[in-house]
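Notes for the one structure printed next.
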């Protein structure tokens, strides 16, 4: 239900941002100039990208730079090796974050997004890999301890499995919860999962499915 | 003092014994006891699982820890979180960019201004807009006031956790005054919603600057008050020194940021490393300590409060009349791009990762919460300590469950 609705009310935030509208309310002729557009550029020649490509010739899919931030898309199978390379060779020692994006109609469906930071370079790199619904991503929690909970959260919210993760349990929702809340097809109102707080009675996925017409909507 | 009895030399000697000496003495005493062939099992290793929380006053919210203990000693800690999960990231996707700002108030609810700031900074980066000079300075003032109030909440509550009730009253006295400044500026005391994409919602009210100057001039002496109560306090030191030691390398490995990282000797602060707004023009120090224990984290936070006061004073001197809102279109529709921006919140690196699909709503807005990542290191900190130290350790990481669970 989410993203077709995002285009439906383009004028919605004129009312949502009263302080923005307030100075302009005197005359409709006053129109602030649009902010200058920053375009993304290709970053295939960037030294970090070249470094990954030199180490793993088949790993890099594409690379771009936007707002001084480098994004590298790598093959899903190589992500743990790329993370190890970035940590050991490029000195990206601090794993800032692991998350995902659900592109509902795309194949493969998800992007898993990693942010790394290097203290010596004082810069960040974003690494992404495309993941299908049935795919498993190699876990980087062996490389960066910090990724442990972030990967668990990504599993909990998107249903993306991380192969080799030491403790891949749900973290924010409860054991036995059925559904992945940050997927685009999960209803915003939530679902009644049959109060599945007792895993012995309601095993993983034991509650009614989100598509079940009889599932009661809790608001 | 009613006890006028003179203290004998033996008693003085006994009082000065260290833990190691006591242990040796106890062991040698135990050796003189005859050993039975069938000893009682009372003192055998008896592991048990203990539920710490979710309703426990020292967990500062709804945090449950499943602790495996041997007697009083912690063998393993398993945090169980999510009791306050409200699906904030999902809500961002359904609302326009300006409508997302109030949701950020509810993440780290004792530091709403810094959350607003990180969110606005991310969207501004995506749009490529510059904000006016006056707005930058006021944002920095609000941020630092928020850092002060957040650290004051931390100081008061973690003092109470360890049995020091008095600092709480002093810390909250100043916090109330800071909240008054927020209330006068934007009408709210806790969920501030005090920033907008492209600048600020309002200009400062008349007299605000003068009153704030007066408060900030007075603040260092108030911080002296807290330090007098705690810094050299023997009980405070006994409970905090050498408790939960973590090295700088380990902090980085666990992704721990903020005062915890700086107390372990890593001089890293996003205000200095990747300056946003006008932090690069301001003169301030980054307090660091080397031991990485609970006491050092206390010292670092108190020193940070002094630096915040310094920053606010400089910003107040630099303030000049001007616009507080940059040129931002009325309907915010960024390019279909992605961007990550982060600031130094009172707890550590607070970042937002925004993916846009060219519409007026974010396609995906992810929060990188410092509390969530820092809490991950708690089992590592708590291992081998006593159950009562766990209380000190939850306090010292300074978590806010609204941000952990989102």
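Numerical summary
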quantity: Identity of the residue in region B:269-284, touching a residue at least 12 places away in the same chain (Cβ under 8 Å) and farther than 20 Å from residue B:199 by Cα, that ends up farthest from the other protein chains (Cβ to nearest Cβ); calculated: B:283
quantity: Enumeration of residues in region B:322-349 that are within 9 Å of chain A (Cβ to nearest Cβ), closer than 23 Å to residue B:144 by Cα and in a loop (DSSP other than H, G, I, E, B); calculated: B:326
quantity: Positions within region B:364-378 being more than 7 Å from chain A (Cβ to nearest Cβ), in a strand (DSSP E or B) and out of contact with any helix residue (DSSP H, G or I) (no Cβ under 6 Å at 6 or more places or on another chain), in sequence order; calculated: B:367
quantity: Selection from region B:379-392 of residues that are within 11 Å of chain A (Cβ to nearest Cβ) and in a loop (DSSP other than H, G, I, E, B); calculated: none
quantity: Among the candidates B:163, B:128, residue that is touching a residue at least 12 places away in the same chain (Cβ under 8 Å) and surrounded by fewer than 20 Cβ atoms within 10 Å (Cβ to Cβ); calculated: B:163
quantity: Residues of region B:177-205 classified as in a helix (DSSP H, G or I) and under 18 Å from the mean Cα position of the chain (by Cα), total; calculated: 2
quantity: Residue match in region B:246-261 (condition: away from chain A (no Cβ under 14 Å), over 29 Å from residue A:84 (Cβ atoms), buried (at least 21 other Cβ atoms within 10 Å of the Cβ) and out of contact with any strand residue (DSSP E or B) (no Cβ under 9 Å at 6 or more places or on another chain)); calculated: no
quantity: Among residues of region B:93-102, those that are part of a helix (DSSP H, G or I) and buried (at least 24 other Cβ atoms within 10 Å of the Cβ), counted; calculated: 3
quantity: Pick from region B:56-70, criterion more than 13 Å from chain A (Cβ to nearest Cβ) and touching a strand residue (DSSP E or B) at 6+ places or on another chain (Cβ under 9 Å), ranking: farthest from residue B:395 (Cα to Cα); calculated: B:70
quantity: Hits in region A:148-167 - residues which are more than 21 Å from residue B:365 (Cα to Cα) and within 11 Å of chain B (Cβ to nearest Cβ); calculated: A:167
quantity: Candidates A:140, A:171, filtered to the one that is closer than 24 Å to residue B:351 by Cα, touching a helix residue (DSSP H, G or I) at 6+ places or on another chain (Cβ under 7 Å) and either more than 8 Å from chain B (Cβ to nearest Cβ) or part of a strand (DSSP E or B) (or both); calculated: A:140
quantity: Hits in region B:350-360 - residues which are in contact (Cβ under 8 Å) with a residue 24 or more places away in the chain and at the interface with another protein chain (Cβ under 7 Å from one of its Cβ atoms); calculated: B:351, B:353, B:359, B:360
quantity: Residue tally, condition more than 19 Å from the chain's Cα centre (by Cα) and surrounded by fewer than 18 Cβ atoms within 10 Å (Cβ to Cβ), over region A:68-89; calculated: 4
quantity: Tally of residues being within 12 Å of another protein chain (Cβ to nearest Cβ), part of a loop (DSSP other than H, G, I, E, B) and more than 18 Å from residue A:147 (Cβ to Cβ) across region A:61-91; calculated: 2
quantity: Total residues in region A:108-135, condition assigned to a strand (DSSP E or B) and more than 13 Å from chain B (Cβ to nearest Cβ); calculated: 3
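A quick yes/no check of all residues on (1) more than 11 Å from chain A (Cβ to nearest Cβ); (2) over 21 Å from the mean Cα position of the chain (by Cα); (3) under 13 Å from residue B:192 (Cα atoms); (4) in a loop (DSSP other than H, G, I, E, B):
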{"position": "B:76", "(1), (2), (3), (4)": "yes, yes, no, no"}
{"position": "B:79", "(1), (2), (3), (4)": "no, no, no, no"}
{"position": "B:89", "(1), (2), (3), (4)": "no, yes, no, no"}
{"position": "B:104", "(1), (2), (3), (4)": "yes, no, yes, no"}
{"position": "B:109", "(1), (2), (3), (4)": "yes, no, yes, yes"}
{"position": "B:113", "(1), (2), (3), (4)": "yes, no, yes, no"}
{"position": "B:125", "(1), (2), (3), (4)": "no, yes, no, no"}
{"position": "B:130", "(1), (2), (3), (4)": "no, yes, no, yes"}
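Just so you know, all these numbers are worked out from the coordinates, no wet-lab data involved. All values reported here derive from a predicted model rather than from experimental measurement. Glycine gets a Cβ as well: all are built from the backbone with ideal geometry, and neighbour counts include every protein chain shown.
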